Amino acid sequence: MTTVFKRSVWILGVSLLPLMAQAEILKAVEIKGTARIEDATVMSYLHLEKGDNVTPADIDKAVKTLFATGLFSDVRMNMKNGMARIDVVENPIVHNVYFEGNKKLEDNVLETEVLLKPRMVYTKHKLQSDADRLLEVYKRSGRYGASVVPKIIEKDQNRVDIVFEIDEGDKTTVRKINILGAKAFSPDELKDVMITKEKAWYRFLSSMDTYDADRLNYDKELLRRFYLENGYVDFKVTGAVAELTPDRGSFILTLEIEEGNRYKFAESDVRVSLPEYQETVKTADFIQFKSGDFFNSESVEQAVAALTNKFSDEGYAFVEVTPQFEKNEADRTVRVVFQIHEGEKVFVNRINITGNSRTLDKVIRREFRLQESDVFNVSKLRRSKQRVENLDYFSKVDFKTVPVPGDSSKTDINVDVAEKSTGAFNVGIGWSSYDGMMFETGIAERNVLGTGKAVGINAMLSQKETQYTIGLTDPYFMDKPLMAGWDIFHTTRDNEDSSSYSYTTTGTTIRFGWDYTDFWGQTVRYTLRQDDINDIDDDASIYIKDQAGKTIVSLIGQELFYDRRDSRINPSQGYYASFGTDFAGVGGDTKFVRVNLMAIKYFPVADDVVFSLRGDAGRIWGVGGQDVRVNNRYFLGDASLRGFEYGGVGARDRATGDALGANWYTSGSAELTFPLGLPKELGIKGKVFSDAAYVGKPDDYDPQTMEYSNDVRVAVGTGILWASPMGLINLDFSYALKKADYDKTKVFRLNFGNSF
């Protein structure tokens, strides 16, 4: 036996001897230091029982196990003559958690982020983890200079209060955005594409000038889309760095990009591989781009959507339109070949909705045109997304389809939303060039308890009008696709300037509405109200004096509409048309029939440039020999016919000049809205417009006592729309090109209001 081998055996033996010598049979266990925790609970963690052969390694493992429970701040264990003694010091229990110094983030927001709660066991590790988590919350809100100092206050009965002392600091803004490698576009043009903005004085109500890592990643995608829409097929972002300044008060963002070459479209083609389909597809009907145009990824997507809709409408529910790109680097062209074939039948597996902490799942799901287990359809998915966006409950709505692993016949639809405020207590001030100063206050909630129901109480006071309203609306009455609503109103209107009288109306309306299809819908209503024509001037028109007094109106009405706009909130393309009828005479003492028509069409001209055409027409007839009362007639002007005062066109009393209204009218408007080159987040747009109208005479027209002209009235103008912190400001300058001698015109029109 070698010397080395002998030494190894001796060392091993010496090492094992203490363990063998110290191993003891466990006879009893004594636990000291517990107050809240039962001895049986401590024993359950030890995994030791009487009669076990316990070694020092077992004791070490037991101590570590007790520490790992988080119940104890100190654990000691020793064993002698078969007796195990365990001494523990219990961790305190959290009594209360307080936040001090926080103003920008409320306590209820911070409470959801910390793990330590009242009646939970306190540990130093949990306390520090909570402090770190609170710092992350402040970073997400753009406050990278925030600090959180956790402290404990000891109380009796081994309890502690936890206090997080918070210095929120200022928002960590973006001081500068550097874009390196840009040649085709200026840095300022590219910054306009990005959501993240540089700090500026006019962004005091925005958070877009604070740094957010997720937002920066989205900006990279926005830049990629922008370049693809302008022909730069090979564009890529090669680097993005956010550098915190030494004072920790702001960031400097640096993005490095490679533009690549700009490409044009070559001749495109459509290849159809569908069973029993023999027709030839005319590409010009669906593909708007032409050979020689600069490549635009958005144009390709529009062509895919148009072709998908065409074949889906023809019964090919599983059609797939796949654009294939053949890039020719030599002449810098891209040939797009649209392959149309029947895809595999795919079913919707699950619809997963996230981000809706307040809005109930069913409120979102009922807007879907697809349900779980339905056959998947791209057109229905696109329509579902639009319907959820039209709810106007969310600032973001993202739809993604995710194939089910291991089953190619199923797909999940993941919906991620970001909720925005849907209710407020409003106090507003404003001014109108017709109504004068206005004061408005009210309480409104468009998504009560996340159910989608709406309620509002509002009061508006101005120099010309006083209005009180209460309204309730349930868009899915009794969980059916039926809208039901109820309104109570009281309005007093001063028409002294235009017609030498005032009137008051008080009443209630019950409303119901439903959709026939995704685009066709109808509402019906019943209104019962009392009208009172009063405060008539002594020198008022005799036609107005004859109608003084109170009347009861019992009215049934309906509106049939067709809506193909791309958005109800901010439309840029599509059209909307409506046909409304009212019949007054189901009871009451006022009888008339009224028909109203309206249609509007939006045309996207360029980015943020929208052209619209609108037409309106109305006709009202007295029933049973009654003349139409003056307060039920049409009075055009101000907002309805810019360039003229309210009631500034139509028949007038020759002696008094009072406006007598019209029994029919037709009007049209053309308007172009466009950006003014200012930062987009300012919300300022310019507009040019032209309004025209024919106004009919009242049924009791008398040429001896009334002035009337059936000539067309035309006005043109320009203006500014500003979604300002004070509310929407609408400023118009108009000029009446064609008018009657007695018409009353208006050059300047301003409306604004505020809620705060």
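The values are calculated or read from the model by the stated rules, or taken from the named source; none is laboratory data. From a predicted model like this one, the values you see are computed outputs, not experimental measurements. We place every Cβ from the backbone using ideal geometry, glycine too, and count neighbours over all the protein chains shown. For the accessible areas, the whole protein counts, side chains as well, though only heavy atoms, and no ligand, DNA or RNA atoms are used. Shrake-Rupley method; radii C 1.70, N 1.55, O 1.52, S 1.80 Å.
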- Task: With θ set to phi - 60°, apply the Karplus curve 6.51 cos²θ - 1.76 cosθ + 1.60 along region 387-402 and write out the HN-Hα couplings as whole Hz, x wherever there is a Gly or Pro.
- Result: 5, 5, 5, 5, 4, 6, 9, 10, 7, 9, 9, 10, 10, 9, 9, 10
- Message: Could you tell me how far the Cα centroid of region 20-63 sits from the Cα centroid of region 588-609, in Å?
- Response: 84
- Query: Given the Cα-Cα distance of Lys310 and Ile457 and 0.36 nm per residue of separation, how much length would full extension add, in nm?
  - Reply: 48.3 nm
- Item | Surface accessible to a 1.4 Å probe, per residue, for the residues of region 590-701, Å² | 41
- Query: Under a point spin-label approximation (7 Å from Cα along Cα-to-Cβ), what is the Lys738-Glu113 distance to one decimal in nm?
  - Reply: 6.4
- Could you tell me what percent of the accessible area of the chain is made up of carbon and sulfur, with a 1.4 Å probe and every protein chain present? 54
- Sequence-separation-based contact order of the chain, relative, with Cα cut under 8 Å and 6+ spacing, percent: 5
- Task: Could you tell me how many degrees, from 0 to 90 and to the nearest 10, lie between the Cα long axis of helix 213-229 and the main elongation axis, the longest principal axis, of the Cα atoms of the chain?
- Result: 50
- Query: Where does each of Val97, Val300, Val688 land when they are ordered by accessible area, with a 1.4 Å probe and the largest first?
  - Reply: Val688, Val97, Val300
- Specify the inter-centroid distance of region 349-403 and region 659-696, based on alpha-carbon positions, in whole Å. 35
- Message: Suppose we look only past 49 Å in the calculated P(r) of the chain. What percent of the Cα-Cα pairs does that tail hold?
- Response: 42
- Write down the accessible area per residue of region 341-420 in Å², having rolled a 1.4 Å probe over the full set of protein chains. 51
- Between the alpha-carbon centers of region 493-508 and region 189-235, tell me the distance in whole angstrom. 51
- Query: What accessible area, in Å² to the nearest ten, does a 1.4 Å probe give for Thr581?
  - Reply: 40
- Item | Distance-filtered residues of region 71-100 - backbone nitrogen under 18 Å, label point 7 angstrom along Arg133 Cα→Cβ | 71, 93-100
- Per residue value of the accessible surface for region 246-329 (all protein chains in place, 1.4 Å probe), Å²: 59
- Computed label-point distance, nm, for sites Leu244 and Phe477 using a 7 Å Cα→Cβ extension: 5.7
- Note on the structure: With a Förster distance of 51 angstrom and the Cβ-Cβ distance between Thr466 and Thr354, calculated FRET efficiency to the nearest 0.05 equals 0.65
- Message: So, R0 is 25 Å and r is the distance between the beta-carbons of Lys400 and Lys345; what FRET efficiency does that work out to, to 0.05?
- Response: 0.75
- Förster-model FRET efficiency, 35 Å R0, Trp621 and Asp538, C-beta, rounded to 0.05: 0.65
- Restricting to the chain, compute how many DSSP beta bridges are antiparallel as a %, nearest 5. 85
- Using only protein heavy atoms and a 1.4 Å probe, report how much of Met208 is accessible, in Å² to the nearest 10. 60
- When all protein chains stay in place, what accessible area (Å², nearest 10, 1.4 Å probe) is found for Arg365? 70
- Message: Suppose accessible area is computed on protein heavy atoms with a 1.4 Å probe; arrange His490, His125 from highest to lowest.
- Response: His125, His490
